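Working notes for the structure below.
The values are calculated or read from the model by the stated rules, or taken from the named source; none is laboratory data. Everything numeric in this text was worked out from a predicted model, so none of it was measured. Cβ placement follows ideal geometry from the backbone for every residue including glycine, while neighbour counts extend to all protein chains displayed. All accessible areas refer to the heavy atoms of the entire protein, side chains included, with ligands and DNA or RNA removed. Shrake-Rupley method; radii C 1.70, N 1.55, O 1.52, S 1.80 Å.
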Amino acid sequence: DIGCGFGRHSIELARRGFDVLGIDPSPAMIAAAQENSAAEGKPPQFLRLRGEDLAVRDEFDAAICLFTTLGQVADQQDNRQLLHNTFRALRPGGYLVLEIPQRSWVVGNLKTDEQFGEGENYTLVARSFDRENTILHEHFTLVSPAGQRKFLLKYRLFSKAEIDRLLEGAGFVGTTFFEGYSDAHLHENSPVMVIRAQKPA
(Lines give C-alpha, C1' and ligand atoms only; values in the text may rest on other atoms or scores of the structure.)
Protein backbone atom coordinates (compact mmCIF):
# COMPACT_ATOMS: atom_id res chain seq x y z
CA ASP A 1 0.00 0.00 0.00
CA ILE A 2 2.05 2.90 -1.35
CA GLY A 3 1.20 6.13 0.46
CA CYS A 4 -0.79 4.22 3.08
CA GLY A 5 -1.55 7.25 5.26
CA PHE A 6 -3.17 6.17 8.53
CA GLY A 7 -3.58 2.61 7.26
CA ARG A 8 -7.26 2.41 6.34
CA HIS A 9 -6.80 0.25 3.25
CA SER A 10 -3.86 -1.75 4.60
CA ILE A 11 -5.86 -2.75 7.67
CA GLU A 12 -8.90 -3.80 5.62
CA LEU A 13 -6.75 -5.88 3.28
CA ALA A 14 -5.09 -7.58 6.25
CA ARG A 15 -8.55 -8.38 7.67
CA ARG A 16 -9.31 -10.11 4.37
CA GLY A 17 -6.32 -12.40 4.77
CA PHE A 18 -3.55 -10.63 2.86
CA ASP A 19 -0.03 -10.06 4.14
CA VAL A 20 0.32 -6.29 3.78
CA LEU A 21 3.11 -3.74 3.86
CA GLY A 22 2.00 -0.12 4.09
CA ILE A 23 4.56 2.59 3.34
CA ASP A 24 4.35 6.35 3.79
CA PRO A 25 7.00 9.07 4.15
CA SER A 26 5.18 10.77 7.05
CA PRO A 27 6.21 9.65 10.54
CA ALA A 28 2.89 10.94 11.91
CA MET A 29 0.92 8.84 9.42
CA ILE A 30 2.94 5.71 10.14
CA ALA A 31 2.48 6.22 13.89
CA ALA A 32 -1.28 6.61 13.37
CA ALA A 33 -1.41 3.50 11.16
CA GLN A 34 0.41 1.45 13.79
CA GLU A 35 -1.93 2.71 16.49
CA ASN A 36 -5.02 2.01 14.35
CA SER A 37 -3.90 -1.55 13.68
CA ALA A 38 -2.70 -2.41 17.20
CA ALA A 39 -5.85 -4.36 18.07
CA GLU A 40 -5.91 -6.36 14.83
CA GLY A 41 -5.26 -10.10 15.03
CA LYS A 42 -3.04 -9.95 11.96
CA PRO A 43 -1.90 -6.34 11.61
CA PRO A 44 -0.13 -5.04 8.52
CA GLN A 45 3.50 -4.08 8.67
CA PHE A 46 4.04 -0.32 8.39
CA LEU A 47 7.25 1.34 7.31
CA ARG A 48 8.25 4.96 6.92
CA LEU A 49 9.39 4.99 3.32
CA ARG A 50 8.77 6.90 0.10
CA GLY A 51 7.62 4.95 -2.92
CA GLU A 52 10.52 6.55 -4.80
CA ASP A 53 12.90 4.79 -2.41
CA LEU A 54 11.31 1.33 -2.46
CA ALA A 55 14.19 -1.03 -3.26
CA VAL A 56 12.95 -4.63 -3.29
CA ARG A 57 12.55 -7.04 -6.18
CA ASP A 58 9.92 -9.69 -6.99
CA GLU A 59 8.42 -9.59 -3.49
CA PHE A 60 4.72 -8.66 -3.82
CA ASP A 61 1.73 -10.08 -5.67
CA ALA A 62 0.00 -6.70 -5.94
CA ALA A 63 0.39 -3.04 -5.11
CA ILE A 64 -2.10 -0.22 -4.59
CA CYS A 65 -1.28 3.47 -4.95
CA LEU A 66 -4.32 5.65 -4.25
CA PHE A 67 -5.47 9.29 -4.16
CA THR A 68 -2.71 11.74 -5.19
CA THR A 69 0.24 9.62 -4.05
CA LEU A 70 1.53 9.44 -7.61
CA GLY A 71 2.30 12.97 -8.68
CA GLN A 72 3.21 14.52 -5.34
CA VAL A 73 5.89 17.15 -5.77
CA ALA A 74 8.52 18.29 -3.30
CA ASP A 75 11.57 20.52 -3.85
CA GLN A 76 10.99 20.76 -7.61
CA GLN A 77 11.15 16.96 -7.90
CA ASP A 78 8.39 14.54 -8.78
CA ASN A 79 7.84 10.93 -7.80
CA ARG A 80 7.18 9.18 -11.08
CA GLN A 81 10.14 6.91 -10.29
CA LEU A 82 7.85 5.05 -7.91
CA LEU A 83 6.24 3.32 -10.92
CA HIS A 84 9.59 1.76 -11.86
CA ASN A 85 10.25 0.80 -8.23
CA THR A 86 6.78 -0.73 -7.93
CA PHE A 87 7.33 -2.72 -11.13
CA ARG A 88 10.55 -4.19 -9.71
CA ALA A 89 8.88 -4.93 -6.36
CA LEU A 90 6.10 -6.99 -7.97
CA ARG A 91 6.45 -10.66 -8.75
CA PRO A 92 5.95 -11.65 -12.41
CA GLY A 93 2.22 -11.50 -13.11
CA GLY A 94 1.65 -9.06 -10.22
CA TYR A 95 -0.86 -6.23 -10.48
CA LEU A 96 -0.75 -2.51 -9.75
CA VAL A 97 -3.97 -0.64 -8.99
CA LEU A 98 -3.52 3.10 -9.30
CA GLU A 99 -6.00 5.86 -8.51
CA ILE A 100 -5.33 9.46 -9.57
CA PRO A 101 -7.36 12.55 -10.49
CA GLN A 102 -8.10 13.01 -14.18
CA ARG A 103 -6.48 16.29 -15.20
CA SER A 104 -9.09 17.48 -17.70
CA TRP A 105 -11.91 17.08 -15.18
CA VAL A 106 -10.00 18.67 -12.27
CA VAL A 107 -8.94 21.70 -14.29
CA GLY A 108 -12.41 22.13 -15.79
CA ASN A 109 -14.06 21.96 -12.37
CA LEU A 110 -11.40 23.66 -10.25
CA LYS A 111 -12.70 25.37 -7.11
CA THR A 112 -10.14 28.08 -6.44
CA ASP A 113 -11.47 28.85 -2.94
CA GLU A 114 -13.28 26.49 -0.61
CA GLN A 115 -14.13 26.23 3.08
CA PHE A 116 -14.71 23.08 5.08
CA GLY A 117 -16.38 23.36 8.47
CA GLU A 118 -17.73 26.42 10.24
CA GLY A 119 -17.80 28.14 13.60
CA GLU A 120 -14.49 28.24 15.45
CA ASN A 121 -12.94 25.30 13.61
CA TYR A 122 -12.71 25.28 9.83
CA THR A 123 -10.30 24.82 6.94
CA LEU A 124 -9.74 27.18 4.04
CA VAL A 125 -8.34 25.84 0.77
CA ALA A 126 -6.98 28.04 -2.03
CA ARG A 127 -6.14 26.23 -5.28
CA SER A 128 -4.26 27.22 -8.43
CA PHE A 129 -3.10 25.24 -11.45
CA ASP A 130 0.29 25.72 -13.08
CA ARG A 131 -0.51 24.84 -16.69
CA GLU A 132 3.10 24.86 -17.85
CA ASN A 133 4.17 22.20 -15.35
CA THR A 134 0.68 20.64 -14.91
CA ILE A 135 0.96 21.00 -11.13
CA LEU A 136 -1.95 21.75 -8.82
CA HIS A 137 -1.17 23.88 -5.76
CA GLU A 138 -3.43 23.58 -2.72
CA HIS A 139 -2.85 26.03 0.14
CA PHE A 140 -4.53 24.86 3.36
CA THR A 141 -5.25 27.10 6.35
CA LEU A 142 -6.50 25.29 9.44
CA VAL A 143 -8.29 27.70 11.76
CA SER A 144 -9.10 26.99 15.41
CA PRO A 145 -9.28 28.96 18.68
CA ALA A 146 -5.63 28.03 19.20
CA GLY A 147 -4.62 29.85 16.02
CA GLN A 148 -3.88 29.05 12.40
CA ARG A 149 -1.74 26.43 10.72
CA LYS A 150 -0.82 26.56 7.06
CA PHE A 151 0.57 23.98 4.69
CA LEU A 152 0.96 23.49 0.96
CA LEU A 153 0.26 20.38 -1.09
CA LYS A 154 1.55 20.18 -4.67
CA TYR A 155 0.89 17.35 -7.06
CA ARG A 156 1.19 16.79 -10.77
CA LEU A 157 -1.99 16.06 -12.71
CA PHE A 158 -1.90 13.54 -15.53
CA SER A 159 -3.91 12.77 -18.63
CA LYS A 160 -4.87 9.24 -19.59
CA ALA A 161 -2.32 9.26 -22.41
CA GLU A 162 0.50 10.36 -20.09
CA ILE A 163 -0.22 7.67 -17.52
CA ASP A 164 -0.43 5.08 -20.28
CA ARG A 165 3.05 6.10 -21.49
CA LEU A 166 4.50 6.15 -17.96
CA LEU A 167 3.20 2.68 -17.15
CA GLU A 168 4.42 1.30 -20.47
CA GLY A 169 7.81 2.93 -19.88
CA ALA A 170 8.03 1.24 -16.47
CA GLY A 171 7.34 -2.15 -18.11
CA PHE A 172 3.65 -2.68 -17.29
CA VAL A 173 1.27 -4.31 -19.75
CA GLY A 174 -2.49 -4.82 -20.03
CA THR A 175 -3.31 -1.35 -18.74
CA THR A 176 -7.05 -0.81 -18.27
CA PHE A 177 -8.72 2.46 -17.25
CA PHE A 178 -11.93 2.73 -15.23
CA GLU A 179 -14.03 5.73 -14.21
CA GLY A 180 -13.96 4.68 -10.56
CA TYR A 181 -14.34 1.56 -8.47
CA SER A 182 -16.67 -0.18 -10.89
CA ASP A 183 -16.30 -1.93 -14.23
CA ALA A 184 -17.31 1.21 -16.17
CA HIS A 185 -14.58 2.39 -18.50
CA LEU A 186 -13.04 5.83 -18.17
CA HIS A 187 -14.66 8.79 -19.93
CA GLU A 188 -13.79 12.49 -20.10
CA ASN A 189 -16.24 13.43 -17.33
CA SER A 190 -14.72 11.04 -14.78
CA PRO A 191 -13.18 12.93 -11.82
CA VAL A 192 -10.73 10.11 -11.15
CA MET A 193 -8.97 7.40 -13.08
CA VAL A 194 -8.66 3.94 -11.55
CA ILE A 195 -6.06 2.00 -13.47
CA ARG A 196 -5.10 -1.65 -13.43
CA ALA A 197 -1.78 -2.72 -14.93
CA GLN A 198 0.26 -5.92 -14.78
CA LYS A 199 3.88 -6.96 -14.68
CA PRO A 200 4.38 -9.54 -17.45
CA ALA A 201 4.27 -13.12 -16.17
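Kindly indicate whether any position in segment 107-122 is under 17 Å from the mean Cα position of the chain (by Cα) and polar (S, T, N, Q).
No - not one qualifying residue is present in segment 107-122.
Scan segment 148-178 for residues that are open to solvent by less than 20 Å² (accessible area, probe 1.4 Å), in contact with a strand residue (DSSP E or B) (Cβ under 7 Å, 6 or more places away or on another chain) and outside any strand (DSSP E or B) and jot them down.
Result: L157, I163, L167, F172.
From D19, D1, grab the single residue that is closer than 14 Å to A62 by Cα and open to solvent by less than 50 Å² (accessible area, probe 1.4 Å).
Details: D19 fails: open to solvent by less than 50 Å² (accessible area, probe 1.4 Å).
Of D19, D1, the one residue that is closer than 14 Å to A62 by Cα and open to solvent by less than 50 Å² (accessible area, probe 1.4 Å) is D1.
If I ask for residues that are under 16 Å from the mean Cα position of the chain (by Cα) and open to solvent by less than 60 Å² (accessible area, probe 1.4 Å), which ones from segment 179-190 would you list?
Within segment 179-190, just G180 meets the criteria.
Please go through (1) open to solvent by 70 Å² or more (accessible area, probe 1.4 Å); (2) under 21 Å from T176 (Cβ atoms) for L96 and return the number of the only condition it doesn't satisfy.
L96 satisfies all of (1) open to solvent by 70 Å² or more (accessible area, probe 1.4 Å); (2) under 21 Å from T176 (Cβ atoms) except (1).
From the set of residues in segment 38-81 that are free of Cβ contacts under 8 Å to residues at least 60 places away in the same chain and basic (K, R), which is surrounded by the most Cβ atoms within 10 Å (Cβ to Cβ)?
R50
(1) at pLDDT below 95; (2) within 29 Å of H137 (Cβ to Cβ): which one isn't true of K42, the others all being true?
The one condition K42 does not meet is (2).
Limited to segment 103-121, what total is found for residues that are touching a strand residue (DSSP E or B) at 6+ places or on another chain (Cβ under 7 Å) and part of a loop (DSSP other than H, G, I, E, B)?
4
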